[in-house]
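The values are calculated or read from the model by the stated rules, or taken from the named source; none is laboratory data. Keep in mind the model is a prediction, meaning the values are calculated, not measured. Methodologically, a virtual Cβ is constructed for each residue, glycine included, from the backbone with ideal geometry; neighbour enumeration extends over all protein chains shown. In case anyone asks, the SASA skips ligands and DNA or RNA and just uses the protein heavy atoms, side chains included. Shrake-Rupley method; radii C 1.70, N 1.55, O 1.52, S 1.80 Å.
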Amino acid sequence: MDRLLLHGMVFFGRHGNRPAERQLGQRFSVDLELEVDTARAGQSDDLADTVNYSHAYADVKEVVEGEPANLLETVAARIAERVLARPRVHAALVRVRKRPPAQDQFESFGVEIHRKRSVP
């Protein structure tokens, strides 16, 4: 299976379990890897034969900038559910990171999940 990559997307959201995170908000960084069969698109050079990157980006943006969640795990799961509803997406790897204000030195907190389309 091939992969479409959307890395380093940054959005402002109000996720977190601390009141300040909900009130002030913060930046979230998201990487998305979609497992897609790109063979047809590679031959046809037609956007209709693949997943439109701008639609996947819009899905991520809507989740991160949308309804607040307590956990990054919830944000990642919402993103995965959204993109897996798109035709041609067989699986999704989602990474969500944030750097909340803290006195300790670190780059970010994050979560990575991998979900596959459920087969009926």
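With everything on Cα atoms, drop me the angle between helix 72-84 and the longest principal axis of the chain, reported from 0 to 90° to the nearest 10.
For helix 72-84, the angle is close to 20 degrees.
By the scheme Lys and Arg +1, Asp and Glu -1, what is the net charge of all other residues having a beta-carbon under 12 Å from that of LEU47?
Net charge in that neighbourhood comes out at -1.
Would you pull out the residues with amide H under 5 Å of GLY25's amide H, same chain only if 5 or more places away, H placed 1.01 Å from N?
none
Would you pull out the residues with amide H under 5 Å of THR38's amide H, same chain only if 5 or more places away, H placed 1.01 Å from N?
So THR38 has HN proximity to ASP2.
Kindly sort MET9, MET1 by accessible area of their heavy atoms, largest first, with the probe set to 1.4 Å. Walk me through the intermediate numbers first.
Details: MET9 15, MET1 130 Å².
Ranked from most to least accessible, the order is MET1, MET9.
Return the sequence-ordered ³J(HN,Hα) values of the range 27-42 in whole Hz as given by the Karplus equation 6.51 cos²θ - 1.76 cosθ + 1.60 applied to θ = phi - 60°, using x for Gly and Pro.
Taking θ as phi minus 60°, the curve returns 8, 10, 10, 10, 10, 10, 10, 9, 8, 9, 7, 9, 4, 4, 5, x Hz for the range 27-42.
Return one number: the angle in degrees, 0 to 90 and rounded to the nearest 10, between the long axis of the Cα atoms of helix 53-64 and the longest principal axis of the Cα atoms of the chain.
30 degrees
Give the Cα extents of the chain along the principal axes, in whole Å, largest first.
52, 30, 19
Can you grab the distance from the C-alpha centre of the range 1-52 to the C-alpha centre of the range 54-99, Å, no decimals?
Each part's Cα centre sits 7 Å from the other's.
Which whole-number percentage describes the relative contact order of the chain, with Cα contacts under 8 Å and a sequence gap of 6 or more? Show your work: numbers first, answer last.
Details: 219 pairs, mean separation 32.9, N = 120.
Across the chain, relative contact order equals 27 percent.
Quick one: net charge around GLU107, please, counting Lys, Arg +1 and Asp, Glu -1 for every other residue with C-beta under 12 Å from its C-beta.
Every neighbour counted, the sum reads +2.
Please give me the summed charge of the neighbours of VAL94: other residues whose Cβ is under 15 Å from its Cβ, Lys and Arg +1, Asp and Glu -1.
Once positives and negatives cancel, what remains is +3.
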